[in-house]
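Peer 1: Below is one structure. I have some questions about it.
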Amino acid sequence: MRKYVASFTLLIAVFMLSAAAWAAADVEIRIKTEKEKVVTKDGQKVTKMVAAKNFTPGEIIHYTVLYRNKGNEDATKAVINDPIPRGCIYIPGSATETGDLTFSIDGGKTYKKPALLTYEVKVTGGGTEKRTASPEEYTNIRWVIDRIPAGTNGKVSFQVKVK
Amino acid sequence: MTTSSKNKSSGLFKGVLAAMTLLWMTALPFSAQAVLQGSAGNTIVRNTITVNYSDARGTGQTPVTASVDITVNTVAATPTILSVAPSPGSTDGAGATQVYTYRIRTNSNGPGSIALGAADGSPTNITVSVTPPNVAASIYLGSTVIDPSEAKIGAAQTVANLASITFAVPNDNHAVNNTGAAGAVNDLMINGLILGDLVYIYSGAAYYGPFTVGTVTDPAAGATATAAPGSVQLINNTGASIGPFTPAYGWQIVEARDVTVTATQGVVADPTLDASWITTLTATMAGAAAANTPTVTTNAHMGRIAITKYVRNVTTPVVGGGLTSTSPLTGANVFYTTGVNGKPGEYLEYLAVLTDTGKGNATAVYATDVMPTYSTLVTFPATYGTTPGSAIPGIFALASFNATTAILRTNNTGGTNGVAHGQSTGITAGSTMTFNIGAACTNVFPGGGGTLATTQTAYVIYQVKID
């Protein structure tokens, strides 16, 4: 009888170890690009979002980053880093206020809130002057999300203007 | 959890945000020039996103990435006509042609076809030619921009004569070659630009060039965070240095090409008056708001020969009537258009005066005259030359043009190039005399006629004996 109990205990332990080994966070992402399109519906002009892959200079690209934790364990400290695409300008206020949203003006080396994104320039007569970066100087967007529970999904979005 | 739910804002906040965004976009200095400055057509805008994360125990996991490409559209723009030379043109004679050379430069952000057409109109004292102006149906011009990866951005550049400068340009995804057909990886063409093309760099405020395109690279876009740029070498063949200029991202590199328009003259209604018509070239890029329609005026100057024939009695001078004339060939002797008579055996001297009364050159000028009845052409009259010689073939006429006298013999052995040549089929009544007269005339009959410029006059005299 004691032999059976020992075997059963060992089996439970192996099972628990295996379960621990199988538990994992598994995040996947995909990106959606859309633009606004004015259509006539019931005699009224309405604006709707349509999927798009071609844009004219001056148009706004609506990027949506769809993420999903398909694992069976929570993902933590998720950092979504999105360089502003070359040839585009960030539309101020367009990024979703998800988690901790910050921006970079140095290619992703440092991130700050927009009001704190400053740099110094030399001025006539010597000395320097501190200036707040304009949205066209933003190089990266970053969202830091503390936790993505297992089996859940979410999205963040932002807009840029094609130069 | 759906984190996007956290983004829900009040309607008021969204309204304010939208208004601020609109204000910001309106204030951008480049917004009005967005079509011209910025992204090139066919550019791949690649967005690569990375997610770093940890598991529940804080252990870092393998980052995940995703990319999406969008393509920038080519925006049609009204092309620029740089020059037309010569302007205004001038021609003479119905059916004459005038060739104008136009340099057409694209203003689009990408490659595209520019349709061409030309038409004549606004005629003054002239009919519009039945032959319409001739111009190529279309030209295909390339265009790209300086890529943001270009290292020379922000640094002043001067390109010496025969030197070159190379710029990184966006990958065109091999959308087109230099004629609008599909391109291919490494086809040495990028956004319609190819070796030998004429291009300008456009800053948005000034043009630099022209340059001649040298080496072009057109790599595959690849799978890196940004699509691999191509490059365009620009060679300065202008004979002078170009610059300095400080390149920036988005400066355009636009192609220009010379095209010729050949206009054909209609028929001048009154050669004694000025004539002109206007040729309009139309250059259109499909989809552009407007066409460029430069015009050029062609002034037409056509010659017109007026001829008056006079006579005098050499043997017994008679005062005639009508018009009178003297000639450089016969000093003070007066000729008349009417009222001159004579008796058998007397000598009459005829004078033909040819004048260009038109506004332009009269070319291929020749005159014919049939011997009057009851008369015989006089050869070697004593007054037509001091050099004795055989009467056959004899000197039968003198001509004067441009203050030079030519002595004409019946067998076409006399005459002077550029003044006059003459011959006669005989000396009896009904014989035909022919004269080539004017600048550049020769002794070729037919076909050797000369040129009289406007207001120029030529004279021919010959004598007959009344039978």
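The values are calculated or read from the model by the stated rules, or taken from the named source; none is laboratory data. Being a predicted model, the structure only gives us computed values, none of them experimental. Note: ideal-geometry Cβ built from the backbone for every residue, glycine included; neighbour counts use all protein chains shown.
Peer 1: Restricting attention to the range A:138-155, which residues are out of contact with any Asp or Glu (no Cβ under 9 Å at 6 or more places or on another chain) and of a type in the set (Lys, Arg)?
Peer 2: A:155
Peer 1: Another question, then. Looking at A:99, A:107, A:126, can you tell me which residue is modelled with pLDDT under 95 and either of a type in the set (Phe, Trp, Tyr) or out of contact with any strand residue (DSSP E or B) (no Cβ under 9 Å at 6 or more places or on another chain) (or both)?
Peer 2: A:126
Peer 1: Also, quick follow-up: For residue B:53, state whether it is under 30 Å from residue B:359 (Cα atoms), assigned to a strand (DSSP E or B) and aromatic (Phe, Trp, Tyr).
Peer 2: Answer is no for this residue.
Peer 1: If you don't mind, there's one more thing I want to ask. Inspect all residues belonging to the range A:97-112 and state whether any of them is within 30 Å of residue B:75 (Cα to Cα) and within 7 Å of chain B (Cβ to nearest Cβ).
Peer 2: no
Peer 1: Next up: Taking the range A:114-139 on its own, how many of its residues are exposed (fewer than 15 other Cβ atoms within 10 Å of the Cβ) and under 24 Å from residue A:83 (Cβ atoms)?
Peer 2: Qualifying residue count for the region: 8.
Peer 1: Only one of B:214, B:192, B:196, B:183 is exposed (fewer than 15 other Cβ atoms within 10 Å of the Cβ) and either touching a strand residue (DSSP E or B) at 6+ places or on another chain (Cβ under 9 Å) or more than 16 Å from residue B:145 (Cα to Cα) (or both). Can you tell me which?
Peer 2: After ruling out the rest, the residue left standing is B:196.
Peer 1: Something else now. Check whether at least one residue in the range B:205-216 is without any contact (Cβ under 8 Å) to a residue 12 or more places away in the chain, assigned to a loop (DSSP other than H, G, I, E, B) and within 14 Å of chain A (Cβ to nearest Cβ), and report yes or no.
Peer 2: There is no residue in the range B:205-216 that is without any contact (Cβ under 8 Å) to a residue 12 or more places away in the chain, assigned to a loop (DSSP other than H, G, I, E, B) and within 14 Å of chain A (Cβ to nearest Cβ).
Peer 1: Would you confirm, using the coordinates I've provided, whether residue B:179 is within 20 Å of residue B:257 (Cα to Cα), within 14 Å of chain A (Cβ to nearest Cβ) and either in contact with a Pro (Cβ under 7 Å, 6 or more places away or on another chain) or in a loop (DSSP other than H, G, I, E, B) (or both)?
Peer 2: no
Peer 1: Now, a different point. Quick check, is residue A:93 more than 13 Å from every other protein chain (Cβ to nearest Cβ) and of a type in the set (Gly, Ala, Ser)?
Peer 2: Criteria not met by residue A:93.
Peer 1: Related question: Can you tell me which residue among B:113, B:54 is among the polar types (S, T, N, Q) and under 30 Å from residue A:71 (Cα atoms)?
Peer 2: The unique qualifying residue is B:54.
Peer 1: Could you tell me which of the residues B:83, B:122 is touching a strand residue (DSSP E or B) at 6+ places or on another chain (Cβ under 6 Å) and within 30 Å of residue B:303 (Cα to Cα)?
Peer 2: Sole residue among the options that is touching a strand residue (DSSP E or B) at 6+ places or on another chain (Cβ under 6 Å) and within 30 Å of residue B:303 (Cα to Cα): B:122.
Peer 1: In the range B:137-149, which residues are at pLDDT 95 or above, within 18 Å of residue B:204 (Cα to Cα) and not β-branched (Val, Ile, Thr)?
Peer 2: The answer is B:142, B:143.
Peer 1: Check whether at least one residue in the range A:115-125 is more than 7 Å from chain B (Cβ to nearest Cβ) and part of a helix (DSSP H, G or I), and report yes or no.
Peer 2: yes
Peer 1: Something else: Considering only the range B:219-244, state which residues are part of a strand (DSSP E or B) and under 34 Å from the mean Cα position of the chain (by Cα).
Peer 2: Selection gives B:231, B:232, B:233, B:234, B:235, B:242, B:243, B:244.
Peer 1: Any residue in the range B:405-433 that is charged (D, E, K, R) sitting within a Cβ distance under 6 Å of a residue that is not in a strand (DSSP E or B)? List the pairs, counting only those 6 or more apart or interchain.
Peer 2: Within 6 Å, the pairs are B:409/B:393.
Peer 1: Let me ask something additional. Restricting to the range B:306-338, name every residue that is among the hydrophobic types (A, V, I, L, M, F, W, C), touching a strand residue (DSSP E or B) at 6+ places or on another chain (Cβ under 9 Å) and without any contact (Cβ under 8 Å) to a residue 24 or more places away in the chain.
Peer 2: B:319, B:323, B:334
Peer 1: Just checking, how many residues over the range A:23-38 are of a type in the set (A, V, I, L, M, F, W, C), touching a Ser or Thr at 6+ places or on another chain (Cβ under 9 Å) and more than 7 Å from chain B (Cβ to nearest Cβ)?
Peer 2: 1
Conditions tested, residue by residue: (1) out of contact with any helix residue (DSSP H, G or I) (no Cβ under 9 Å at 6 or more places or on another chain); (2) in a loop (DSSP other than H, G, I, E, B); (3) closer than 29 Å to residue B:218 by Cα; (4) of a type in the set (Val, Ile, Thr).
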{"residue": "B:90", "(1), (2), (3), (4)": "yes, no, no, no"}
{"residue": "B:118", "(1), (2), (3), (4)": "yes, no, no, no"}
{"residue": "B:121", "(1), (2), (3), (4)": "yes, no, no, no"}
{"residue": "B:129", "(1), (2), (3), (4)": "yes, yes, no, no"}
{"residue": "B:196", "(1), (2), (3), (4)": "yes, yes, yes, no"}
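Peer 1: OK, next. For residues that are exposed (fewer than 15 other Cβ atoms within 10 Å of the Cβ) and not in a strand (DSSP E or B), tally how many sit in the range B:56-87.
Peer 2: Qualifying residue count, the range B:56-87: 7.
Peer 1: Okay, next question. Go through the range A:49-88 and give me each residue that's among the polar types (S, T, N, Q) and more than 7 Å from chain B (Cβ to nearest Cβ).
Peer 2: A:64, A:69, A:72, listed by residue number.
Peer 1: Still on this structure: Can you find even one residue in the range B:96-106 that is in contact with a Ser or Thr (Cβ under 7 Å, 6 or more places away or on another chain) and among the small types (Gly, Ala, Ser)?
Peer 2: Among the residues of the range B:96-106, not one is in contact with a Ser or Thr (Cβ under 7 Å, 6 or more places away or on another chain) and among the small types (Gly, Ala, Ser), which makes the answer no.
Peer 1: Out of the residues in the range B:217-261 that are within 14 Å of chain A (Cβ to nearest Cβ) and aliphatic (A, V, I, L, M), which is surrounded by the fewest Cβ atoms within 10 Å (Cβ to Cβ)?
Peer 2: Residue satisfying both the conditions and the ranking: B:225.
Peer 1: Output the number of residues of the range A:77-89 satisfying the condition of being surrounded by 18 or more Cβ atoms within 10 Å (Cβ to Cβ), more than 18 Å from residue B:43 (Cα to Cα) and not β-branched (Val, Ile, Thr).
Peer 2: Matching residues across the range A:77-89 total 3.
Peer 1: Taking residue B:333 as meeting all but one of (1) farther than 30 Å from residue B:125 by Cα; (2) within 46 Å of the chain's Cα centre (by Cα), write down the number of the exception.
Peer 2: (2)
Peer 1: Within the range A:126-163, how many residues turn out to be in contact with a Gly (Cβ under 6 Å, 6 or more places away or on another chain), within 8 Å of chain B (Cβ to nearest Cβ) and hydrophobic (A, V, I, L, M, F, W, C)?
Peer 2: So the count comes out to 1.
Peer 1: Out of the residues in the range B:295-315 meeting the condition of being part of a loop (DSSP other than H, G, I, E, B) and more than 37 Å from the chain's Cα centre (by Cα), tell me which one is surrounded by the most Cβ atoms within 10 Å (Cβ to Cβ).
Peer 2: The selected residue is B:314.
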